[in-house]
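J.: Quick one: structure below, then a few questions.
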Amino acid sequence: MPRFRYRAADVQGHRIQGELAALNDIDLDLRLRRMGLTLIRARVSNRRNLFSAWHASRRDLISFCFHMQQISRANAPLLEGLKDLIASTENSRFRDLLALVAEDLEGGKLLSEALAAHPDVFDRVFTALVRAAETSDQIEIVFARLEARLKQQDELQAEFTRLLIYPSLAASAVFAAAGVLLFYLTPKLALLVSSLNMPIPAATRMLIAVSELARAHLIWLLPLLAIASAGLFLTMRNSPALAKRMDGVWLKVPILGTTLRKHILARVSGLLALLLQSGVGLLDALQACADSAGNRIIQNKLIATAQHIAAGEGVTNSLRQQDLFPPLVLRMVHTGEANGALAEAFENVAWFFDRDSRETITRALKLLEPGLAALLGLLLAILMLAVFLPIYQLIGELPL
């Protein structure tokens, strides 16, 4: 089915742009009218996206869960409430996706079935929870839990992003200073010292050599680096073995790997607790959490845990064999398993990893900031020494 880039107007006359799949212009017009929009003009989209055709931020999903709660609380018709949400959604791609969900609902599908048709946005955990809510008639409660969990994940993701901001800024400052030095100052310095016919210090000779090498080969080096990066990305997309190896490498990076592991386990434990509280079976919950882990190493460990449980082993012993949780967390799971309160146990595990990951991020930032500042100062000192050493040498040889 072709996709159309369209421009339309809502009932207030506001112009809206977006992209939507339709059979032809007439079908597109009908689809937009069901969304409360009037088509102005459209054309077939030739754009090919390397990533997912749809995009939804976590904030979009939080807003979706909130509106679904309100629809259920007000006992409003689901389809009418969803159309109101479509009209107020700012993200054009997410709005178009919700329009397809509304069409599936009009065609007689359940909400969970309509959402499951878009796994890039609504993952297996999300659709499993909605399916459980439909079975138990707890739409409002489940969407409230989903909203709370998504907000916690958003806060934790923001904390994790903070860990990367300062190193990125420091690295950018180093590269910027090195670029100015290598491509602007060093060539002028080379002309100066060569015209004076004086011995050049070793540090300065090395700096001039690096500058000449960079200026001579940077034209083809940067495109080669970009091609290599794109090739690695495409290879990882098509090679599960390489992608799994890279996921393992990320988990072994000092500080970052530990924080990433705790971040993933906090999210997985919280989702597992949420699924169990909503009535989803343990094996299905583990499989859904494995699909949403975001790391193939942890994903395989969760799948292996589910296989051991299916073979008749206990939850705690199955987790212990995978070396996924520390002993304290395993003791918490064992207590919940013995008392028939696994959902509460995994909720406590999620809280434990959430708090631990936040503390790790705080400690890492306290160590990284002075460490990177010292490293930046050392690099700049070496570079400035290479620049000013011949100048000081020249001044020392001047007659007084």
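J.: Can you tell me which residue within the stretch 82-104, out of those that are in contact with a strand residue (DSSP E or B) (Cβ under 9 Å, 6 or more places away or on another chain) and basic (Lys, Arg), is surrounded by the fewest Cβ atoms within 10 Å (Cβ to Cβ)?
T.: Only one residue tops the list, namely ARG93.
J.: Which residues, counting only those in the stretch 58-92, are acidic (Asp, Glu) and more than 18 Å from GLU103 (Cα to Cα)?
T.: ASP60, GLU90 - these are the residues of the stretch 58-92 that are acidic (Asp, Glu) and more than 18 Å from GLU103 (Cα to Cα).
J.: Just for helices (runs of 4 or more DSSP H) wholly inside the stretch 177-270: which have at least 2 residues that are under 32 Å from the mean Cα position of the chain (by Cα) and of a type outside the set (D, E, K, R)?
T.: Here the list reads 202-238, 240-252.
J.: Moving on. Taking only the stretch 22-38 into account, find how many residues are touching a residue at least 12 places away in the same chain (Cβ under 8 Å), surrounded by fewer than 18 Cβ atoms within 10 Å (Cβ to Cβ) and either within 22 Å of ALA56 (Cα to Cα) or of a type in the set (A, V, I, L, M, F, W, C) (or both).
T.: Counting residues in the stretch 22-38 that are touching a residue at least 12 places away in the same chain (Cβ under 8 Å), surrounded by fewer than 18 Cβ atoms within 10 Å (Cβ to Cβ) and either within 22 Å of ALA56 (Cα to Cα) or of a type in the set (A, V, I, L, M, F, W, C) (or both) gives 3.
J.: Do you know which of the residues in the stretch 172-191 that are loosely packed, with under 13 Cβ neighbours inside 10 Å and among the hydrophobic types (A, V, I, L, M, F, W, C) is farthest from GLY377 (Cα to Cα)?
T.: LEU191
J.: Regarding the stretch 255-263, can at least one residue be identified that is in the same structural domain as LEU324 (by TED's automatic domain parsing) and at positive phi?
T.: Within the stretch 255-263, one or more residues are in the same structural domain as LEU324 (by TED's automatic domain parsing) and at positive phi.
J.: Of the conditions (1) within 30 Å of GLN138 (Cα to Cα); (2) surrounded by fewer than 19 Cβ atoms within 10 Å (Cβ to Cβ); (3) of a type in the set (Val, Ile, Thr); (4) touching a residue at least 60 places away in the same chain (Cβ under 8 Å), THR258 clears all except one; give me its number.
T.: All conditions are met except number (1).
J.: Which residue out of GLN12, GLN17 is more than 28 Å from ARG131 (Cα to Cα), in a loop (DSSP other than H, G, I, E, B) and either aromatic (Phe, Trp, Tyr) or not assigned by TED's automatic domain parsing to the domain that holds VAL130 (or both)?
T.: Matching residue, one of GLN12, GLN17: GLN12.
J.: Can you spot a residue in the stretch 102-111 that is in contact with a Leu (Cβ under 8 Å, 6 or more places away or on another chain) and modelled with pLDDT of 90 or more?
T.: Yes.
J.: Can you name the helices (runs of 4 or more DSSP H) wholly within the stretch 282-400 that have at least 1 residues being basic (Lys, Arg) and touching a Leu at 6+ places or on another chain (Cβ under 8 Å)?
T.: In the stretch 282-400, the matching helices (runs of 4 or more DSSP H) lie at 296-310, 315-321, 342-397.
The values are calculated or read from the model by the stated rules, or taken from the named source; none is laboratory data. Everything numeric here is computed off the predicted structure, so don't read it as measured data. Every residue, glycine among them, receives a Cβ derived from its backbone with ideal geometry; neighbour counts consider all protein chains shown.
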